Amino acid sequence: MNTLFDPKKHPHRRYNPLLNEWILVSPQRADRPWQGQKEKVTEENRPVHDPDCYLCSGNTRANGTQNPLYTGSYVFNNDFGALLNTEIDFSGEHSGFFTLLPERGINRVVCFSEDHSLTLPEMSLEQIKNVVEVWQEQFNELGALEYINYVQIFENKGSIMGCSNPHPHGQIWAQSSIPTMVQKTQDQLKFYFEKHKRTLLEDYLEQEIKAGERIVTENEYFTALVPFWASWPYEIMIVSRQKRENIAG
Ligand SMILES: [Zn+2]
């Protein structure tokens with residue numbers, strides 16, 4: 001007789017409806033001994049103002065620009081951005097194996113606080129609200145530009161993620177094209193809505209709340225959960241309980 005399938009023991013595939021992709025889950029591998037890298041919790045005491053930090057208020061950045069004596073949030077164009085805002089004429093290769101297209105955009109840095117020692121979750125609710133309002137303003141301002149079609153607000157945290165500076169800050173990428181994964185997700189959400197006249201996320205959330213297995217925390221506005229199709233051990237998705245098109249509401 002064959003063994004009865006147990007999702008906690010047997011390798012299987014899970015469907016990700018946001019990307020229309022399958023991911024491989026190997027639960028039995030959680031039993032193996034871990035001999036790889038272990039992360040240490042860094043408990044350094046950071047000063048409130050670091051004279052060598054290029055994000056601290058009043059300091060001079062690598063390109064010679066001096067930060068104002070700001071308090072609260074401070075936004076500036078990234079001095080070493082991955083995208084350039086230059087309008088360029090392009091008449092190069094458009095097809096075949098050597099297809100390329102120029103990408104135009106704006107990279108900004110958002111300092112969350114003048115206090116070098118803080119991280120976002122250590123800030124007061126009022127201070128965090130101020131940061132969210134700045135995100136909304138930036139989304140509206142950059143999104144209104146005629147050549148911008150996607151605005152991504154994010155924070156790379158910790159040196160392993162390539163974050164080179166401990167000062168509390170995040171980034172904004174505004175670009176002319178819609179990234180592939182975002183486009184796929186948009187297509188999936190649209191397809192679902194056209195078919196069911198309900199949003200995919202409201203239906204998914206309803207079923208997750210019923211299942212009660214993967215909810216991490218929730219309040220009246222948001223639910224944080226580990227998606228059924230998570231690819232990473234600590235993957236968490238935050239779903240708005242109210243239907244919103246974007247961060248600006
Ligand atoms: Zn700093």
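The values are calculated or read from the model by the stated rules, or taken from the named source; none is laboratory data. Keep in mind the model is a prediction, meaning the values are calculated, not measured. Note that each Cβ is placed from the backbone with ideal geometry, even for glycine, and that neighbours are counted across all protein chains shown. Just so you know, the surface numbers come from the protein's heavy atoms only, side chains and all, with ligands and any DNA or RNA stripped out. Shrake-Rupley method; radii C 1.70, N 1.55, O 1.52, S 1.80 Å.
So the values come out like this:
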read-out	value
Single residue of the range 141-185 satisfying the filter (of a type in the set (G, A, S) and within 16 Å of the ligand (Cβ to nearest atom)) that is surrounded by the fewest Cβ atoms within 10 Å (Cβ to Cβ)	S164
The range 18-71, residues that are surrounded by 14 or more Cβ atoms within 10 Å (Cβ to Cβ) and within 16 Å of the ligand (Cβ to nearest atom)	R46, H49, D50, C53, Y54, L55, C56, S57, N59, R61, N67, Y70
Any pair with Cβ under 8 angstrom, 6 or more apart, that starts in the range 45-59 at a residue that is over 11 Å from L69 (Cβ atoms) and ends at one that is more than 9 Å from the ligand (Cβ to nearest atom) and among the β-branched types (V, I, T)	Y54/T60; L55/V109
Residues of the range 89-99 classified as modelled with pLDDT of 85 or more and within 15 Å of S177 (Cβ to Cβ), total	2
Residue list for the range 111-131, restricted to those being away from the ligand (no atom under 16 Å from the Cβ) and assigned to a helix (DSSP H, G or I)	P121, L125, E126, I128, K129, N130
Any hit, the range 100-110, residues being open to solvent by 50 Å² or more (accessible area, probe 1.4 Å), more than 16 Å from the ligand (Cβ to nearest atom), closer than 22 Å to A248 by Cβ and out of contact with any Leu (no Cβ under 9 Å at 6 or more places or on another chain)	no
Residue match in the range 65-77 (condition: touching a strand residue (DSSP E or B) at 6+ places or on another chain (Cβ under 8 Å) and under 30 Å from E235 (Cβ atoms))	yes
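Table: residues versus (1) under 30 Å from Y54 (Cα atoms); (2) among the hydrophobic types (A, V, I, L, M, F, W, C); (3) within 17 Å of the chain's Cα centre (by Cα).
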residue	(1), (2), (3)
N165	yes, no, no
M181	no, yes, yes
L201	no, yes, no
E208	no, no, no
E218	no, no, no
I238	no, yes, yes
E245	no, no, yes
